1. Kindly indicate the residue of the stretch 259-283 that is assigned to a loop (DSSP other than H, G, I, E, B) and hydroxyl-bearing (Ser, Thr, Tyr) and also nearest to Asp232 (Cα to Cα) among those meeting that condition.
2. Applying the selection to the stretch 91-115, what residues are more than 18 Å from Ser64 (Cα to Cα), assigned to a helix (DSSP H, G or I) and either free of Cβ contacts under 8 Å to residues at least 24 places away in the same chain or not basic (Lys, Arg) (or both)?
3. Please give the number of the condition Phe172 fails out of (1) assigned by TED's automatic domain parsing to the domain that holds Met132; (2) under 29 Å from Gln48 (Cβ atoms); (3) at pLDDT 90 or above.
4. Looking at (1) farther than 21 Å from Thr52 by Cβ; (2) modelled with pLDDT of 90 or more; (3) of a type in the set (Ser, Thr, Tyr), can you tell me which one Tyr121 breaks?
5. Return the residue satisfying two criteria in turn: it lies in the stretch 163-215 and is basic (Lys, Arg) and in contact (Cβ under 8 Å) with a residue 40 or more places away in the chain, and of such residues it is surrounded by the fewest Cβ atoms within 10 Å (Cβ to Cβ).
6. Tell me whether the stretch 237-252 contains one or more residues that are without any contact (Cβ under 8 Å) to a residue 24 or more places away in the chain and either part of a loop (DSSP other than H, G, I, E, B) or hydroxyl-bearing (Ser, Thr, Tyr) (or both).
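The values are calculated or read from the model by the stated rules, or taken from the named source; none is laboratory data. Model, not experiment: these values are computed from the prediction. Note that we place each Cβ from the backbone using ideal geometry, even for glycine, and neighbour counts take in every protein chain shown.
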Amino acid sequence: MSDEIKLKWGSGNLSCRGCGRQDKQLNTYDYLADIPGNDEETDLVEVQFKNTRKGYYRNSNHLSLEKGDIVAVEATPGHDIGVVTLMGRLVPLQMRKANLRSDVEIKRIYRKAKPVDMEKYEEAKKREHDTMIRSRQIANDLNLNMKIGDVEYQGDGNKAIFYYIADERVDFRQLIKVLADAFKVRIEMKQIGARQEAGRIGGIGPCGRELCCATWMTSFVSVATSAARFQDISLNPQKLAGQCAKLKCCLNYEVDTYVESLKRLPSKEIVLQTKDGDYYFFKSDILKGLVTYSTDKHVAANLVELTARRAFEVINMNRQGEKPDSLSENGQVEDKRPVDLLEQDNIARFDRAKKKKKKSGKGKNGGLPSVKQEGKPAKPEAKADKSEGKQPNKPEGKQQAKQEGAQPSKPENKQPKGQGGQAEAGEPTPKQGGGNKHKKRHQGNPNNPNRPQGQENKE
């Protein structure tokens, strides 16, 4: 059928060419992949290597490439193995974003990777971790103030790139000689910053999303603590620092909006004068344009929340020598919050159900499970519970003293209701035994201090 929608890699009704592999950092979505002739627009191809390293090459051999293909590209010396991540019209834009000069010679793509190329590539990748550990030991032996964060071998194994972090300038000429003798490859040293290292490693930020430096950010701008002050964020180093131990890059995202909003609020130093007294600045909601004033300069007392417009009106009246009756006059703020009918935003919505379950689980004994003594009928036990409820506050010590000093009562031949046999001599009736139910239970406990002597021998 001609109206059938087909999913294919070429240009069609629906295309999944724009989606890239999600296991790579700095993944780019090609939103122009559906446009016919997009691939023929330019022969430039973006190829990604380990972590965040990318390169741009020419498809001079006019190979039929697709996003995700593994290719062998030109390198100095030999060749390197990478993955095609972008083709078409977006590649020149990405090159401009990466600040690549137009006069730089662009290398070319040799071929699609063969099984022989992949074998060499896998062998080189297996040596990276051991090389990094050994290179750190060598740098430590040479007393170099640097940290080697990662090692990347070229696809053919003839070259190794050492990524290091250093606060000061490091003279690593001797280090290069030792590394070349130890690993028998060509050595290239590349210095990176703490933010670039965090992007190469990757991770999840406190916002719950993947790190910006690992997904889209390539140029890092310095972040100052003034950005946190403008946004009224507490200057807590643990909360302001990211995984790179530097200030979070996202502090700069909205700082311009806050700076513009602060211009519409009155100064913190201005004191509002009314007939009731003077009001001092306490806090402000920058984006909502609300200002809160207090009658005390240091403590929150008689707080009044005003709009910025009302605050400027009072300031103008004070400049003219007038004092309003109160600040809230014609400027009182009404709290207009949306009503959550489903209570989805309530944090304690699950705690109510737990309280109900606890109440329903309580019995007559205050939540304690009822202990049934063997050899006693069921109905007299029920009566015992009633008799127990009549004298709940009777001291246990007095009951024990009465029982020890009292004469043994005559056996009663009362027959309990609903039972065919007579009660044995010396056995308490249900009414008498009910009051001593808990006492007997405590007396059976060897750790009970009120337990009568000689009870251990009986047990």
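1. Out of the qualifying residues, it is Ser267.
2. Within the stretch 91-115, Pro92, Leu93, Gln94, Met95, Arg96, Pro115 qualify.
3. (3)
4. The one condition Tyr121 does not meet is (1).
5. Of the stretch 163-215, the ones basic (Lys, Arg) are 169, 173, 177, 184, 186, 190, 195, 200, 209.
Subsequent filtering for residues that are in contact (Cβ under 8 Å) with a residue 40 or more places away in the chain retains 186, 195, 200.
Details: Arg186: 15, Arg195: 21, Arg200: 19.
Ranking the qualifying residues of the stretch 163-215, first place goes to Arg186.
6. No, the conditions are met nowhere in the stretch 237-252.
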